[in-house]
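Asks: Dropping a structure here in structure tokens format, bear with me for questions.
Taken together, the values in this text are just the output of simple stated rules run on the coordinates, not laboratory data. In this text the structure is predicted, and so the values were computed from the model without any measurement. Cβ: placed from backbone, ideal geometry, glycine included. Neighbour counts: every protein chain shown.
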Amino acid sequence: MSGFNVQVSGAGFEQARRDMAGLEHKLQHGAVRAGMVRAIAPVKKTAKANAPKDSGDLARAVGHRSLSKRAKGRLGLGADTVALLVGTNRRVGGRWQGRKGLWQEHGTEHMTANPFLGPALEQHQSGFGGRFYAGLSRYLDRKGLRP
């Protein structure tokens, strides 16, 4: 027997326990997000390469964004679910490129479709799991959480 008897108690113990639970959730959320970002990286690269080259704005607009809790709710996803939107979701030259990307991808009544996001996703979907795990592992290594 060592002779040490340690008990943790006090006014701040419950708050510290709640903070630790929140930290665990944040680490888990960060790891899953890092895995998803790593998994979609080649999709974004291929979509940028295949985007129409008229002005180059569409290629510069390809990126990813985290979905808000409200957007997740509209899609039927839980508020704690990690979700990323990949597409033409950036401003370039002060102009939002989302609508332009939609027109290119699906066409209009006056323009035939010129898809670039869908084919990029199809091309890279086979290695998604491996890339996801690599990104998740790298995040955990950076945080010093893996042996």
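Asks: Go ahead and run the numbers for FRET between Leu140 and Ala41, Cβ-Cβ distance against an R0 of 22 Å, rounding to 0.05. It would help to have the intermediate numbers written out before the result.
Replies: Working: r = 18 Å, r/R0 = 0.82.
E(calc), rounded to 0.05, equals 0.75.
Asks: Using 7 Å Cα-to-Cβ label points, what is the Tyr133/Arg74 separation (nm, one decimal)?
Replies: The answer from the label model is 3.6 nm.
Asks: Between Ala83 and Leu27, 0.36 nm times their residue separation minus their Cα-Cα distance comes to what?
Replies: Extra length available between Ala83 and Leu27 comes to 18.6 nm.
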